[in-house]
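Step one of this worksheet: look at the structure below.
We did not get these values from a lab; they are worked out from the coordinates using the rules stated. Note that the structure is predicted; figures quoted are calculated from it, not measured. No Cβ is skipped: glycine too gets one built from the backbone with ideal geometry, and neighbour counts run over all protein chains shown.
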Amino acid sequence: MSRNQALFERACKTIPGGVNSPVRAFGSVGGTPRFIARAQGAHIWDADGQRYIDYIGSWGPMIVGHAHPDVLQAVQAAMADGFSFGAPTEGEVLIAEEIAKLVPSIEQVRLVSSGTEATMSALRLARGFTGRDRIVKFEGCYHGHADSLLVKAGSGLLTFGNPTSAGVPADVAHHTTVLAYNDVAQLEEAFASFGDEIAAVIVEPVAGNMNLVPGTPVFLQALRELTARHGAVLIFDEVMSGFRVALGGAQARYGITPDLTCLGKVIGGGMPAAAFGGRADIMQRISPLGPVYQAGTLSGNPLAVAAGLATLRLIQTDGFYERLGTATTRLVEGLAAAAREAGVPFASASVGGMFGIYFSDQAPACFADVQHSDTARFNAFFHAMLDAGVYFAPSAYEAGFVSSAHDDALIDETIAHARSAFAALARP
Ligand code: PMP
């Protein structure tokens with residue numbers, strides 16, 4: 001038995017499903033999850049010593065590659081001074097200033113430890129600020145696992161949302177309205193019907209949790225205009241897209257200024273750090289200044305802040321995003337060409353250092369489109385690539401990530417493996 005297999009069997013005895021976050025379990029693709037022993041640059045090694053080119057990058061944070069020497073050194077230096085104090089530190093001031101500099105819509109920011117905390121806190125703040133309860137989200141966007149966000153659409157536009165998870169009270173879900181992503185007409189209808197009840201609209205401006213589906217400029221512009229007109233708070237959830245699709249995130253790429261922004265992943269450089277921030281008049285409603293309560297024992301943890309600051313410095317080097325974008329484009333265009341040669345229906349897209357691959361003729365524009373992707377083909381492709389030493393996300397509903405450590409040679413090696421995988425898929 002392989003060590004991966006042995007570890008998985010052991011893990012399943014004491015950890016539900018053997019994993020500490022569901023998608024790691026290979027539930028939709030089948031097979032044994034790889035237990036990762038170490039990582040360096042663009043590579044990860046599993047418990048059996050097998051090496052993979054990694055296109056997950058811890059689901060986004062590892063934008064400068066794994067175990068980058070600058071990040072490692074920053075964390076080691078911070079570690080020597082102690083792990084956590086539960087009191088303010090200079091590092092928190094430095095990272096707050098850095099975030100505000102890179103994302104100008106953020107006048108004030110508060111650090112938390114996960115993206116879930118960031119979105120949950122931003123929503124509470126928006127509700128406290130507006131005095132309203134209703135929130136709007138979009139089908140296929142994931143904002144972490146807070147109760148009010150684990151909600152799907154009711155049977156019609158004006159119905160209340162229904163929980164997508166057991167354990168979420170219907171009373172909580174009722175305050176969430178779920179609309180179709182990129183559908184401007186539906187958005188306008190919702191605002192015309194109950195715009196003045198909406199505390200906040202939360203959106204992934206580039207959606208990375210239904211594979212990759214970029215928001216259209218007209219949709220994001222409509223969101224900005226309608227929320228402003230109705231006094232609702234516009235929250236960009238840039239936990240994934242922040243520092244990933246551009247240095248200033250999706251808001252810089254699209255030229256749209258949200259009221260609040262949620263950040264995560266890259267700002268922790270692989271350590272647990274996330275943040276929410278935005279307009280000072282809204283942020284000042286938080287405790288201890290205002291009546292909206294929010295707190296965290298490990299918020300602004302010195303080691304996480306050190307990793308984040310070192311990562312934020314590296315991504316500001318000249319040409320970083322041009323190179324990242326070029327590498328990502330090289331990958332998705334190479335994959336698409338390989339699929340075409342083999343006659344396999346396939347589409348791909350990328351924004352900055354994020355990409356999507358779909359086993360259908362057209363790149364999707366919303367969640368309903370994503371469901372037309374051929375998941376059986378995706379699963380076969382995933383396993384063929386894994387066997388060849390290329391680690392893509394183990395789900396047809398996840399985006400992929402490229403880091404600055406993915407050079408042309410690694411990308412071309414990936415494409416060569418994909419050519420064989422597509423050829424095998426095309427055989428009857
Ligand atoms: N928002 C978005 C857009 C995300 O992609 C994620 C996680 N993938 C979250 C929020 C939740 O972040 P976390 O897993 O750190 O709680």
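Taking neighbour counts of Cβ atoms within 10 Å as a proxy for exposure, in what order, fewest first, do 289, 303 appear?
289, 303
What is the P(r) of segment 1-141, as percent of Cα-Cα pairs per 5 Å bin from 0?
Values per bin, smallest distances first: 2, 7, 10, 14, 16, 15, 14, 12, 8, 3, 1, 0.
Classify segment 130-228 from the C-alpha gyration tensor, please: rounded if a/c falls under 1.5, else prolate or oblate depending on whether a/b exceeds b/c.
oblate
Please report, in cubic angstrom per residue, the volume enclosed by the convex hull of the alpha-carbon atoms of segment 154-305.
Looking at segment 154-305, the number lands at 150 Å³ per residue.
Residues with beta-carbon under 13 Å from that of residue 222, excluding residue 222: net charge, scoring Lys, Arg +1 and Asp, Glu -1? Spell out each step's value before the answer.
On the way: positive: 224, 229; negative: 183, 188, 189, 225.
That sum, taken over residues with Cβ under 13 Å, equals -2.
Once the Cα gyration tensor of segment 174-259 is found, what semi-axes does its equivalent ellipsoid get, as square roots of 5 times the eigenvalues, in whole Å, sorted largest first?
Here the semi-axes work out to 22, 13, 12 Å.
Can you check what the net charge comes to around residue 210, using other residues whose Cβ is under 12 Å from the Cβ of residue 210 (Lys, Arg +1; Asp, Glu -1)?
-4
What net charge do the residues around residue 245 carry, taking every other residue with its C-beta under 15 Å from that of residue 245, with Lys and Arg at +1 and Asp and Glu at -1?
Values: positive: 244, 253, 265, 323; negative: 204, 237, 238, 322.
Once positives and negatives cancel, what remains is 0.
Evaluate the distance, in nm, between pseudo-label points positioned 7 Å from the Cα of residue 372 and of residue 388 along their respective Cα→Cβ axes.
For the pair residue 372/residue 388, the computed spacing is 2.7 nm.
Please report Rg (one decimal) and Dmax (integer) in Å for the Cα set of the chain.
Reported Rg and Dmax, both Å: 21.3, 66.
How far is the Cα center of segment 1-48 from the Cα center of segment 63-85, in Å?
Taking the Cα centre of each part, segment 1-48 and segment 63-85 sit 25 Å apart.
At a 10 Å Cβ-Cβ cut-off, how would you order 271, 62, 79, fewest neighbours first?
With the sparsest Cβ surroundings first, the list reads 79, 271, 62.
Jot down the per residue volume, in cubic angstrom and as a whole number, of the convex hull over the alpha-carbon atoms of segment 358-404.
89
Could you list 13, 137, 101, 152 in order of exposure, starting from the residue whose Cβ has the fewest other Cβ atoms within 10 Å?
13, 101, 152, 137
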